[in-house]
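Structure first, commentary second.
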Amino acid sequence: MTNKLAIASDHGGLALKTVLKDMRPDIEWIDLGTHTEESCDYPDFASALADCLKNGEAKTGILICGTGIGISIAANRHKHIRAAVCHDVTTARLTRMDNDANVLCIGARVIGLNVALDCLEAFLKTDFAGHQDGGERHKKRVDKLG
Ligand code: RB5
């Protein structure tokens, strides 16, 4: 099992992606781009991250665009991805606990750096309740997602 964390963004999320990586040097990042300020298309980076999780290079990932919405929609087109846009610690924690989300989506133009860092921390440290005693209902629901 890998502990690497995949990360990707479009141009709207590039600055936040760079800062998150700088602020968490303890994390083994797989940075899938974008690497320049040039305008680009968020579905391309959602697909790159989905491929990275599919081939087992990482189990989880972070996607960032301006709102977090476009890149989450794109990521969720991939059957093995459960991507959630989170704006606070509670949504980041509960989407791991209830939905077994494997991708955290962040809107760089919507939340500040400290909230983004808190979301990341909550996302990484929370386990899926479906693997714990009494959590069968969560597993049943996630299984129904297909
Ligand atoms: C790019 O300008 C912007 O549309 C994108 O980052 C994202 O917010 C889309 O959902």
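We did not get these values from a lab; they are worked out from the coordinates using the rules stated. Predicted, not measured: the structure shown is a model, and the values here were computed from it. Note: ideal-geometry Cβ built from the backbone for every residue, glycine included; neighbour counts use all protein chains shown.
Tally the residues that are closer than 25 Å to E121 by Cβ, in a helix (DSSP H, G or I) and not polar (S, T, N, Q), restricting the search to segment 14-55.
17
Quick check, is A75 within 15 Å of the ligand (Cβ to nearest atom) and assigned to a helix (DSSP H, G or I)? Full working, then the answer.
Working: within 15 Å of the ligand (Cβ to nearest atom): yes; assigned to a helix (DSSP H, G or I): yes.
When the stated conditions are applied, A75 passes them.
Taking K140 as meeting all but one of (1) crowded, with 18+ Cβ neighbours inside 10 Å; (2) more than 16 Å from the chain's Cα centre (by Cα); (3) without any contact (Cβ under 8 Å) to a residue 40 or more places away in the chain, write down the number of the exception.
(1)
Away from the ligand (no atom under 16 Å from the Cβ) and touching a His at 6+ places or on another chain (Cβ under 8 Å): is that true of D100 in this structure?
Working: away from the ligand (no atom under 16 Å from the Cβ): yes; touching a His at 6+ places or on another chain (Cβ under 8 Å): yes.
Here the answer is yes, as D100 does meet what is asked.
Within segment 92-117, restricting attention to residues that are over 14 Å from the mean Cα position of the chain (by Cα) and in a loop (DSSP other than H, G, I, E, B), which residue is farthest from N76 (Cα to Cα)?
Ranking the qualifying residues of segment 92-117, first place goes to G112.
I'm trying to understand the selection: among the residues of segment 57-72, which are near the ligand (Cβ under 10 Å from one of its atoms) and assigned to a loop (DSSP other than H, G, I, E, B)? Step through it out loud before you land on a result.
So in segment 57-72, the residues near the ligand (Cβ under 10 Å from one of its atoms) come out as 64-72.
Selection gives G66, T67, G68.
Give segment 19-43 a look and list any residue that's near the ligand (Cβ under 10 Å from one of its atoms) and of a type in the set (K, R), or say none.
Listed by number, the list is empty, since nothing qualifies.
When only residues in segment 1-18 that are surrounded by 14 or more Cβ atoms within 10 Å (Cβ to Cβ) and more than 16 Å from the ligand (Cβ to nearest atom) count, which is farthest from the chain's Cα centre (by Cα)?
This residue is K4.
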